[in-house]
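Everything below concerns the one structure shown next.
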Amino acid sequence: MESLHYLLMKSQALFSRRILEQVGALGLTSGQPKVLDFLRKAGEADQKTIAAYCEIEPATVGSILLRMENAGLVTRRQKDGNRRSLYVSLTEKGRDAAEKTASIFRATEAQALSSFTGAEAESLRAMLQALCDALHTPSESKGAGK
């Protein structure tokens, strides 16, 4: 059996490729679908929060948001007089694109999990969440290098 690294990398690449083929037909580019999905759930957020949730560098999120704003998908505004942070929310066009993207995500996930039982799919989600949680933990607290 292949290594965990290889299997995770390959499944992520296949999953992403399938999604990007479909969202590309909507005029979306890489990075935009996960930002749309986050904002669909969150309603409104600042750039730093979007970056953290989407696992993207804040500077990269800035360029993604600029393209999304130019395409009429999002608006950015100051909130409560805070000049340092701009809050991002979906426009009507953005909400429509986010719903279509969510549908693509659900269909791709359903295809990926089609050979799993419901219990197996939930177990996989739980294991992947535990893996993400473990990788977010600083290695120093795990006794790395000792």
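Of the residues making up the stretch 87-139, just one is farther than 23 Å from L8 by Cβ and among the aromatic types (F, W, Y), namely Y87. Residues that are farther than 18 Å from L20 by Cα and surrounded by 15 or more Cβ atoms within 10 Å (Cβ to Cβ) within the stretch 63-82 comprise E69, V74, T75, R76, listed in sequence order.
Inspect all residues belonging to the stretch 44-58 and state whether any of them is of a type in the set (G, A, S) and exposed (fewer than 12 other Cβ atoms within 10 Å of the Cβ). Taking every residue of the stretch 44-58 in turn, none turns out to be of a type in the set (G, A, S) and exposed (fewer than 12 other Cβ atoms within 10 Å of the Cβ).
The set of residues from the stretch 61-105 being of a type in the set (G, A, S) and within 20 Å of the chain's Cα centre (by Cα) comprises G62, S63, A71, G72, S89, G94, A97, A98, A102, S103.
The set of residues in the stretch 83-129 being surrounded by 15 or more Cβ atoms within 10 Å (Cβ to Cβ), among the charged types (D, E, K, R) and over 18 Å from I19 (Cβ atoms) consists of R95 alone. Tell me yes or no: at least one residue of the stretch 95-111 is part of a helix (DSSP H, G or I) and in contact with a Gly (Cβ under 9 Å, 6 or more places away or on another chain). Taking every residue of the stretch 95-111 in turn, at least one turns out to be part of a helix (DSSP H, G or I) and in contact with a Gly (Cβ under 9 Å, 6 or more places away or on another chain). Just one of L39, L90 is within 21 Å of R106 (Cα to Cα), out of contact with any helix residue (DSSP H, G or I) (no Cβ under 6 Å at 6 or more places or on another chain) and modelled with pLDDT of 95 or more; which is it? After ruling out the rest, the residue left standing is L39. Number of residues in the stretch 2-48 that are without any contact (Cβ under 8 Å) to a residue 24 or more places away in the chain, farther than 26 Å from M127 by Cβ and not acidic (D, E): the value is 3.
The values are calculated or read from the model by the stated rules, or taken from the named source; none is laboratory data. Given the structure is predicted, the values throughout are model-derived calculations rather than measurements. Ideal geometry is used to build each Cβ from the backbone, glycine not excepted, and the neighbour counts take in all protein chains shown.
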